[in-house]
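Here's the structure we're looking at; comments come further down.
Only the coordinates and a few stated rules stand behind these numbers; no lab work does. Note that the structure is predicted; figures quoted are calculated from it, not measured.
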Amino acid sequence: MRTFSFAFKKGFWEMGKPLFYEILEKPATSCIIGICSMIWFYIQKKNIGYSHVGLSYETAVEGHHWRIITSAFSHISVIHLVFNMSALWSLGVVEQLGHLGLGVEYYLQYTLVLVVLSGVLVLAMYHLLIQRFKLEYFRRVTAVGYSCVVFGWMTILSVKQPSSKLDLFGFLSLPISFAPFESLIFTSIIVPQILPYHLCGFWHQTVAEHCR
């Protein structure tokens, strides 16, 4: 019982601060985590297939462009969700870096940019694989998850604050400069069929360079 009590207090008091205050310091991040979690719960409860909310080349050709948004906030498994949300919580430090030209407003603006451009870029990659290399398999591959946006923020933060660390699951700490590569390996093991979607995150290096 004492061990449980100690673990609870240690988790609740993060870096000497109650979790409540951490949420107040990362309002946008907290909201996004809440939205992704509720969507995952709803998908599981209603037994909705990811083909109904995910983004694929075939559905885009049919005019389902709204899937660019829904795919970003939907996840394939609880492990996929927990990994992305754990990384996003750590990256929420961007909201507290107003002195570096970042902050909440910047975070919200570029989150929207990353969500939309990630979807557009993955469709362009699928188009190339299908039309140029005749890989019809990618016509129906469905991309889901917040990974691409997470990778984009990793890259932006590595440019703005290279000394940052990415904390995962509360015990694993990675140098931010290597985090995108290590995260790519991990997420590709979890969801190998949407590797192109994860690879799109590295494109955000271009965005990061322009954010200096």
Does the range 27-210 classify as rounded, prolate or oblate by the C-alpha gyration tensor (a ≥ b ≥ c root eigenvalues; a/c under 1.5 gives rounded; else a/b over b/c gives prolate, otherwise oblate)? prolate
If contacts are Cα pairs under 8 angstrom and at least 6 residues apart, what is the relative contact order of the range 27-210 in percent? 26
For the range 81-124, convex hull volume per residue from C-alpha positions, Å³: 77
For the range 9-121, take every pair of Cα atoms, bin their distances at 10 Å starting from 0, and report each bin as a whole percent. 12, 38, 33, 14, 3, 0
